[in-house]
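First the structure, in the form of structure tokens, and then the observations on it.
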Amino acid sequence: MNITLNGNPLAVGAKASVTSLVSQVTGRELASDGHAADGRRLGVAIARNSEVVPRSQWHSTALAEGDAIELVTAIQGG
């Protein structure tokens with residue numbers, strides 16, 4: 001299945017969810033509540049088709065063919 005991630009095409013598995021996508025992109029395992037399994041801050045926000053997906057819904061939000069995903073990572077600095 002193909003989606004767009006931050007303006008770039010990306011192939012994902014047929015049963016991909018927001019959780020699996022964030023895990024794939026960050027290289028970190030996530031718990032079902034969307035937080036990093038290692039307990040460290042994740043610093044990531046997701047919008048699917050221009051609507052913010054709350055972290056509590058990442059696990060239950062399946063990706064669909066053609067979805068436009070924006071993944072924003074917070075960085076420290078000024």
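Bear in mind that the values in this text are calculations on the coordinates, not laboratory data. Bear in mind that the values here come from a model prediction, so they are computed numbers and not experimental data. Virtual Cβ from ideal backbone geometry, glycine too; neighbours counted across all protein chains shown.
What to note about this one:
- Amide H partners (placed H, <5 Å) of Leu5, local residues excluded: Leu10, Ile69
- Ranking Ser17, Pro54, Val44 by Cα position along the charge dipole of the chain, where only Lys, Arg, Asp and Glu carry charges on their C-beta atoms, puts Val44 farthest toward the positive end.
- Relative contact order [Cα under 8 Å, 6+ residues apart], the range 2-73, whole percent: 42
- Residues with amide H under 5 Å from that of Ala16, placed H, sequence gap 5 or more: Leu63
- For Ala37, net neighbour charge (Lys/Arg +1, Asp/Glu -1) across residues whose Cβ lies under 14 Å away: +1
- Residue-count net charge about Thr4 - beta-carbon cut-off 14 Å; Lys, Arg +1, Asp, Glu -1: -2
- Annotation for the range 9-39 versus the range 43-67: alpha-carbon center distance of 11 Å.
- Sparsely packed trypsin sites (Lys or Arg not before Pro) within the chain, loop by DSSP, other Cβ within 10 Å at most 15: Lys15, Arg28, Arg40, Arg41
- Restricting the range 1-73 to GluC sites (Glu not before Pro) in coil, as DSSP defines it, with at most 11 other Cβ within 10 Å: Glu29, Glu65
- Stokes-Einstein diffusion for the chain at 10 °C, viscosity 1.306 mPa s, with a Kirkwood radius from C-alpha pairs, works out to 125 µm²/s.
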